[in-house]
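First up is the structure itself, then whatever we jot down about it.
The values are calculated or read from the model by the stated rules, or taken from the named source; none is laboratory data. Note that the coordinates shown come from a computational prediction; the quantities given were computed from them, not determined experimentally. A quick note on method: Cβ atoms are made from the backbone with ideal geometry, for glycine too, and the neighbour counts reach across all protein chains shown. Heavy atoms of the whole protein, side chains included, go into the accessibility calculation; ligands, DNA and RNA do not. Shrake-Rupley method; radii C 1.70, N 1.55, O 1.52, S 1.80 Å.
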Amino acid sequence: MASTCAQLCLRCRGLLCSKTLTSTGQYYAQVRHCNTVTKVPTKISNRLFMWGNHTAPQTRLRWKQHMCYYSDLTVKYLTSEAKEGKHTEDVVRTDVAVYPAPLLPTRDDVSTTENQVSLDLDAVAELSALEEITDEEAVGISSPSVVPLASTSLRDYVDKSETLTKLVQLGVDLWKLEQRPHVGSMLLKLDFSKDVAPRLLFLKEVGVEDSRFGYIITRNPFILTESLENLQTRVNYLKSKKFSSETIASMVSRAPYLLNFSVKRLDNRLGFYQQQLSLSTSNTRNIVARLPRLLCGSLEPVKENLKVCEIELGFKANEIQHIVITVPKVLTANKRKLTQIFDFLHNTMKVPHHLITKFPQVLNTKYLRLRERHCFLEYLGKAQYDPALPNYISLDRLVFLPDETFCTDLALATLEDYYLFQKTL
């Protein structure tokens with residue numbers, strides 16, 4: 001009984017193996033037939049005909065994958081059969097007939113067949129220079145670019161652009177420049193040796209320190225596109241107006257756009273301040289040297305502040321002139337801040353116009369500091385700002401003394417008391 005069952009099992013396995021190997025052989029025959037059929041003449045660009053194997057790369061890959069799959073399947077089956085049927089071979093050796101396996105192309109036969117049809121599986125990915133490709137394959141071909149064609153940040157170009165690399169070394173903030181329209185593309189078009197270096201040497205000759213180059217270019221990158229002739233003409237004009245070389249260097253360092261304006265505009269600005277405030281030439285030169293952005297910015301805020309000082313604040317023309325000569329920043333100060341400080345000085349502290357004119361620096365202070373110190377003195381009963389009365393406190397000392405000196409010299413109190421009082425406000 002046991003011998004009969006063993007014979008039956010071996011026959012079933014033989015049939016299964018025979019079926020699997022037969023399918024493998026049939027698939028191999030089909031692929032061989034396909035390779036034979038596709039061997040057709042191909043027309044090339046020089047109007048000659050060549051015979052060659054032009055099987056599609058996809059067909060070659062599928063054939064190779066299937067052959068590997070069936071070979072692995074056969075090896076796995078024969079290995080498992082050898083292990084599982086080992087214990088029954090001795091019992092049925094004399095009773096079971098040996099069934100020869102169907103013929104399967106061996107590795108040598110496959111190599112011979114491949115040579116006959118000129119099939120090179122290792123060169124599937126390599127395309128001939130004369131072989132025609134489809135549009136989809138042409139689109140898929142990509143070559144690495146040295147410089148990115150488009151980017152939203154200049155950092156992608158720093159390693160590949162000498163100009164950007166040098167600008168970073170000078171201290172230029174590229175992240176600020178790339179936020180301005182068209183500035184990034186302008187910088188990429190500049191050549192450092194021809195465009196940037198000559199401008200830097202010019203600024204050096206004017207007297208600008210090397211440490212200020214980054215600040216100037218960050219605020220005004222367009223100075224790199226100005227012609228050297230125009231830059232020299234504007235410097236010569238300032239010298240003709242009795243500005244010293246040191247003053248010009250300081251003005252250019254603090255107002256980067258100064259040399260971008262034409263001589264005509266610079267002359268008109270100087271004339272405006274001289275006529276509007278009835279200033280002398282030396283006083284006009286003085287306020288412009290101290291605040292050079294007066295020559296660069298718009299005149300509308302200046303005109304508005306002059307009207308505010310005259311109409312809303314009630315200062316006379318000579319008082320406005322004295323205030324501007326002493327504190328030029330009043331011309332460009334925030335209108336709301338200016339009126340807020342004046343209102344507290346004149347209406348709360350009861351300081352008259354002539355005392356404010358005498359100490360105009362108080363208009364440039366912080367409102368919170370002025371309010372805290374006045375309230376502390378008023379709490380102590382020492383808020384006296386009239387020079388004709390005893391215990392007089394001048395406005396400049398009230399505002400500009402450090403906290404410790406203010407407490408010991410003016411308030412005659414401790415610093416801790418002053419800090420505790422600030423918490424009650």
Would you mind stating whether residue 177 is modelled with pLDDT of 95 or more and either over 18 Å from the mean Cα position of the chain (by Cα) or open to solvent by less than 50 Å² (accessible area, probe 1.4 Å) (or both)?
no
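Report, by residue number, each residue of region 393-420 that is closer than 13 Å to residue 349 by Cβ and either open to solvent by 70 Å² or more (accessible area, probe 1.4 Å) or not small (Gly, Ala, Ser) (or both).
As a first pass, look at region 393-420 and keep what is closer than 13 Å to residue 349 by Cβ: 393-395, 398-399.
Listed by number, the residues that qualify are 393, 395, 398, 399.
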Out of (1) surrounded by 14 or more Cβ atoms within 10 Å (Cβ to Cβ); (2) outside any helix (DSSP H, G or I); (3) in contact with a helix residue (DSSP H, G or I) (Cβ under 7 Å, 6 or more places away or on another chain), what's the single condition that is false for residue 278?
(1)
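Going by what's in this entry, would residue 226 be described as among the charged types (D, E, K, R), open to solvent by less than 50 Å² (accessible area, probe 1.4 Å) and either over 23 Å from residue 253 (Cβ atoms) or touching a residue at least 24 places away in the same chain (Cβ under 8 Å) (or both)?
Numbers: among the charged types (D, E, K, R): yes; open to solvent by less than 50 Å² (accessible area, probe 1.4 Å): yes; either over 23 Å from residue 253 (Cβ atoms) or touching a residue at least 24 places away in the same chain (Cβ under 8 Å) (or both): yes.
It is true that residue 226 is among the charged types (D, E, K, R), open to solvent by less than 50 Å² (accessible area, probe 1.4 Å) and either over 23 Å from residue 253 (Cβ atoms) or touching a residue at least 24 places away in the same chain (Cβ under 8 Å) (or both).
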I need a count of the residues in region 333-355 that are open to solvent by 10 Å² or more (accessible area, probe 1.4 Å) and within 39 Å of the chain's Cα centre (by Cα).
5
Residue count, region 289-307, condition over 22 Å from residue 357 (Cβ atoms) and either part of a helix (DSSP H, G or I) or open to solvent by less than 10 Å² (accessible area, probe 1.4 Å) (or both), comes to 5
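Could you please find all residues in region 148-174 being open to solvent by 80 Å² or more (accessible area, probe 1.4 Å), within 14 Å of the chain's Cα centre (by Cα) and not hydroxyl-bearing (Ser, Thr, Tyr)? Explain how you work it out, then say what you get.
Here is the first cut: in region 148-174, the ones open to solvent by 80 Å² or more (accessible area, probe 1.4 Å) are 149-150, 152, 155, 159-160, 162, 169.
Then drop every residue that is not within 14 Å of the chain's Cα centre (by Cα), which leaves 150, 152, 155, 159.
Hits for region 148-174 are 150, 155, 159.
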With the requirement that a residue be open to solvent by 30 Å² or more (accessible area, probe 1.4 Å) and within 26 Å of residue 258 (Cα to Cα), what does region 308-332 give you?
321, 322, 325, 326, 329, 332
Taking region 356-384, which residues are outside any helix (DSSP H, G or I) and open to solvent by less than 20 Å² (accessible area, probe 1.4 Å)?
365
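Working only within region 341-355, note down all residues that are in a helix (DSSP H, G or I) and either more than 16 Å from residue 315 (Cβ to Cβ) or not polar (S, T, N, Q) (or both). If you could, list the steps in order and put the result at the bottom.
Just the residues of region 341-355 that are in a helix (DSSP H, G or I), to begin with: 341-348, 353-355.
Within region 341-355, 341, 342, 343, 344, 345, 346, 348, 353, 354, 355 meet the criteria.
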Tell me which of these residue 125 doesn't satisfy, since it passes every other one: (1) at pLDDT 55 or above; (2) part of a loop (DSSP other than H, G, I, E, B); (3) touching a Pro at 6+ places or on another chain (Cβ under 8 Å).
(1)
